[in-house]
Amino acid sequence: MITLTINGQSQNIDLPADTPLLWALRDYVGLTGTKFGCGMALCGACTVHIDGEPTRACVTPISAAAGKTIVTIEAMDQDAIGKKVQEAWLSQGVPQCGYCQSGQVMSATALLKQNAHPSDADIDKAMSGNICRCGTYTRIRAAIKQAAGLAEIKS
Amino acid sequence: MKTSLDQIKSPAEQIDSSADKFSIVNISRRNFLKDFALSGFVLAVGFPSLLLADETATSSEPDKYGADAMPHGWVDNPLVFVAIAEDGTVTIICHRSEMGQGVRTSLPMVVADELDANWLNVKVQQAPGDEVRFGNQDTDGSRSMRHFFMPMRRVGAAARQMLETAAAAQWQVPVTEVHAELHQVIHTASGQSLSYGELAKAAAKLPVPARETLRLKNAADFRYIGKGGLKIYDGQAMVTGQAQYGIDTRLEGMLYAVIARPPVFGGKVLNYDASAALKVPGVVKVLELNSSPPPAEFNPLGGIAVIATNTWAAIQGRKALKISWDNGPNASYDSDNFRAEMVVSSRKPGKVVRNDGDVDAALDKSTQRLSAEYYAPHLAQAPMEPPAATARIIKGHCEVWTCTQAPQASRDQVAKWLKLPEDKVTINVTLLGGGFGRKSKPDYVVEAALLSQAMQGKPVKLTWTREDDLQHSYFHTVSVEHLEAGLDKQGKTVAWLHRTVAPSISSTFAAGSVHEMPAELGMGVINVPFAIPNLRIENPAAEAHTRIGWFRSVSNIPHAFAIQSFVAELATAAGRDHKDYLLELIGPARRIDPRSLGDTWNQGESPVIYPLDTGRLRNVIDSACREAGWGRTLAKGHGLGLAAHYSFVTYVAVVVEVAVDQAGKLSIPRIDIAVDCGPQVNPERIRSQLEGACIMGVSLATLGEISFKDGAVIQDNFHNYQLTRIDDAPREIRVHLVPTTEFDSPLGGVGEPGVPPIAPALCNAIFAATGQRIRELPIRDQLLKD
Ligand code: FES
Ligand code: FES
């Protein structure tokens, strides 16, 4: 039994220690906002925050996440920056199918937490691990800039 | 009453639950749609669904086109699509699948506009697969709006008129004195008003007005149509992780499955050893699924299924299987060899599918002769959400939750494979995490149903891993396009020969088909809109060795790549500006009957309503070039490339700007894409579709390739089947929509037609920047200097 702290709640997970956090979240805990896209840390659909770091849940065994603070997309609207990112996403009309957007929002939020004024190169670096097959990249870039601008005005 | 269905949070369920608060009688969640009438959605009272079939109108014209020609046509009965609760909530059914094109916003928005509903009080309910009830649901071919704009307008207008009639009756005034406005009906003379919620019950008792008595709005009165002012309906759910896709389905007591499928199409299991797999913690059962003989159709591929208590355990169990395969007749399929074979075929005369003038004589007489061969590989659609389906069987009724573009075909197939009558199969359609044609084929839905059956009806969720998706798709075809042209002394093209060689989608449904079908030839090759007196199109045979299927924009991709690249090559040979040369080839503005080009298909649309209009094609070329600053001075290493293509009855022209640095690294600062898709119902989503098309076009042109070795796909995940990421995506995409103010002219498609011209425009830009001509996709490292 491994105990995880997910979105502020302690959860006992009765799965083998090498089970990736992605499947523990989706199948065991029932938090399906974190998506499966590749299972090999190649697409970013499964991005969560572990101790604030954007992390690919599909290659993170639950044993490695124990004792750490895990935050998923389901808690992003309670996060000041996360909420701004979500608002910017809606304002720019970013999502198409929306499937990759959990991961995109998680990566963008992590970026803005670490760098309030990201350059295009910073955005490229932080977001190039997240694939969007629908091709929403130009709007993702605009939304990140918009969210950064909002953060600027309000702080 | 809580049932295990409460575990599900499909879009349908979200709205279903909300029905509780105004429910007037006990409702069965399971039969939600059947019991629509009883759930407090009072506009539907008194019209049991089963009686609606007779009222389902379809056209009886002898020649059927458009929606009339699709299976089950269209339905415009407001009682099927609209329900109004006493609290004023308007529920609108969306019967087409949402996969990113915005259809769950755009189609209900059309209804809401004619109904003059307040969008804030509108809920969208996803229809299950049931075409008799809802009309055609095949969400493909870029036709949801094209085929359902008018039926949905009539749905909204009919419901509005029923509310107006009900209000007039209550006030005892002539109906001509009242009008609906933003969720209420107003009698101006007396200043009275009644809300839609107050009127719903009375309105529901009225007959549905006859189609010819409907008063559709004037375009000037549209509230939502053409405005692009609405946020996407599912946006909030999507950015908060609440949106429910097929892969997210959860049922009580659900098991999780993956399948090891034959690596080669046509192969089957020889023998297998499951002992190690069964030792993996969480693995519950291992079982064999039979393979089917060709043709592929929508049949499951067979293989060994591993069923477990969670997805990871199933995947681990699958890894532990020991399977010997009989690889079958396609065991030697090899992309390099096949390409060589296709090249040989392309150099020999093939089946003539169009023949104008005398190409051979004209080629002989020409001053300059050019020829080129273009290669475009197999592709996988690779939607970010791989195929997934959950099935369970209770008392002989199979219920499925899945991300499908083909809800009715899913229902038909499950019924067939489970030997159940169709009314014992329910297909609940979730959101799709992308489709691109992959999810038009319900093989995975059948797999889930078979697994549930094998588990005595227990709920089973089948997930395709990315490896499964890339290795077992219905692949976009592979093609060699051989072109020859003769130019006269002035550099004018006087002869054009195009041989297109590609395995056909028809092979998926009729084993042994070796020629492109009319629908494939009609994707830009037979209906090439050039005014060249001597023109011949040939289609040499090509056998399929894998499942060939639809990929967003289908055969338009290789056809446009070859034709639009070759025109640029001809312009260069003639010493002419590419844009001028292209316009000259297209010739003067005229409306061409597609049948006169040998195109009997015409995208399924009427040749009279949808002629090939070269004026519109010329116009988008002018527009894209003007907006992109065609001919402007560029920095060193930069180039502009142009391409235009007509597909899905929409006209698109693209100018791509590239930059190629000293090392040969490609970047794309900007794309200008000009589009004439007729009236634009939701311009905001049209723009997003075209932006997406540009990126998908760049992705397939620069990186996309599925290849085969020993019959099996080489690529297995995103490290070797690469997709364009944000850092390599076009930095700026400018979408230029040809403005329309009236909504009477026919609509064009939007989801697909942006894709085909991207690859040739990109390659033409690379030529302009570097002098290097790309004739083989993907570009990958062809530009790199060592
Ligand atoms: S699923 Fe984890 S990175 Fe793709
Ligand atoms: S929005 Fe569909 S994959 Fe990104």
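The values are calculated or read from the model by the stated rules, or taken from the named source; none is laboratory data. Bear in mind that the values here come from a model prediction, so they are computed numbers and not experimental data. We place every Cβ from the backbone using ideal geometry, glycine too, and count neighbours over all the protein chains shown. Heads up: the accessible areas ignore ligands, DNA and RNA and are worked out on the full protein's heavy atoms, side chains in. Shrake-Rupley method; radii C 1.70, N 1.55, O 1.52, S 1.80 Å.
Quick notes on this structure:
- Altogether, the Stokes-Einstein calculation at 25 °C and 0.890 mPa s, with the Kirkwood radius of the range A:79-147 over Cα pairs as Rh, returns a diffusion coefficient of 212 µm²/s.
- Chain A shape via C-alpha gyration tensor axes, a/c threshold 1.5: prolate
- Euclidean distance of C-alpha centroids, the range B:254-320 and the range B:404-434, integer Å: 21 Å
- Shielding by partners - mean other protein chain Cβ count within 10 Å, residues of B:430-443: 2
- Buried solvent-accessible surface, both chains (B, A), 1.4 Å probe, Å² to nearest 100: 4700 Å²
- Theoretical gain in end-to-end length, residue B:662 to residue B:290 [0.36 nm per residue, Cα-Cα removed]: 128.4 nm
- Amide H contacts of residue B:494 (H built 1.01 Å from N, under 5 Å, at least 5 apart or other chain): B:486, B:487, B:488
- Relative contact order of the range B:497-547, defined on C-alpha pairs under 8 angstrom at six or more residues apart (%): 55 percent
- Shape call, the range A:2-75: gyration tensor on alpha carbons, a/c limit 1.5: rounded
- 1.4 Å probe, heavy atoms, protein only - residues of the range A:132-147 losing at least 10 Å² accessible area vs chain alone: A:133, A:134, A:135, A:137, A:138, A:139, A:141
- Heavy-atom accessible area, 1.4 Å probe, ligands and nucleic acids excluded: residues of the range A:67-102 down by at least 50 Å² from chain alone: A:90, A:95, A:96, A:97, A:99
- Cα lying deepest toward the dipole's positive end in the range B:153-230, options B:169, B:229, B:183, charges on Cβ: B:229
- Taking only the Cα atoms of chain B, the ratio Rg/Rh comes out at 0.99, with Rh defined as the Kirkwood radius.
- Intensity falloff of the protein assembly as shown expressed as log10 I(q)/I(0), Debye formula with alpha-carbon point scatterers, at q = 0.10 Å⁻¹: -1.20
- Summary of the geometry: the range A:51-129 and the range B:463-518, compared by the centres of their Cα atoms, lie 41 Å apart.
- The range B:261-310: relative contact order as a whole-number percent, Cα under 8 Å and 6+ apart: 42 percent
- Chain B, dipole about Cα centre (Lys/Arg Cβ +1, Asp/Glu Cβ -1), debye to the nearest 20: 1020 debye
- Across the range B:550-567, coupling constants 3J(HN,Hα) worked out from phi with the 6.51/-1.76/1.60 Karplus curve, θ = phi - 60°, read 6, 9, 2, 6, 6, 5, 4, 4, x, 5, 5, 4, 5, 5, 6, 6, 5, 4 Hz, and Gly and Pro carry x.
- Accessible surface of the range A:79-147, 1.4 Å probe, proportion on carbon and sulfur as whole %: 52 percent
- Accessible surface of chain B [probe 1.4 Å, protein heavy atoms]: carbon and sulfur percent: 51 percent
- Average beta-carbon neighbours from other chains, 10 Å sphere, peptide B:717-730: 6
- Per-residue ellipticity at 222 nm computed for the protein assembly as shown from its helices equals -8500 deg cm²/dmol, with DSSP H segments shorter than 4 residues left out and the rest contributing -39,500 (n - 2.57).
- Backbone phi angles across the range A:59-74, fed through the Karplus curve with coefficients 6.51, -1.76 and 1.60 (θ = phi - 60°), yield HN-Hα couplings of 10, 10, x, 4, 4, 7, 9, 4, x, 10, 8, 9, 10, 10, 4, 5 Hz in residue order; Gly and Pro are listed as x.
- Residues of the range B:377-402 whose accessible area (probe 1.4 Å, heavy atoms of protein chains only) drops by at least 50 Å² once all protein chains are present, relative to their chain alone: B:384.
- Under the Karplus curve 6.51 cos²θ - 1.76 cosθ + 1.60, θ = phi - 60°, whole-Hz ³J(HN,Hα) for the range B:161-170, x wherever Gly or Pro sits: 5, 5, 5, 5, 4, 4, 5, 4, 5, 5
- Sorting A:42-53, B:746-757, B:680-691 by their mean Cβ neighbour count within 10 Å, with the most densely packed peptide first, gives B:746-757, B:680-691, A:42-53.
- Solvent-accessible area of the range A:2-75 (1.4 angstrom probe, protein heavy atoms only): carbon and sulfur portion equals 48 percent.
- Across peptide A:26-36, the mean count of Cβ atoms from other chains lying within 10 Å of each residue's own Cβ comes to 6.
- Dipole magnitude for the range A:79-147: about 80 debye, using +1 per Lys or Arg Cβ and -1 per Asp or Glu Cβ, origin at the Cα centre.
- Proximal charge balance of residue B:136 [Cβ under 15 Å; K/R count +1, D/E count -1]: -2
- Charge sum, other residues only, whose C-beta stays under 12 Å from residue B:591's C-beta, Lys/Arg counted +1 and Asp/Glu -1: 0
- Using a probe of 1.4 angstrom and keeping all protein chains present, the accessible surface of the protein assembly as shown works out to 34 square angstrom per residue.
- In percent, rounded to a whole number, the relative contact order of the range A:2-75 is 40, using alpha-carbon pairs under 8 Å and six or more apart.
- Solvent-free Debye calculation, one equal scatterer per alpha-carbon of the range B:427-495: log10 I(q)/I(0) at 0.27 Å⁻¹ equals -1.29.
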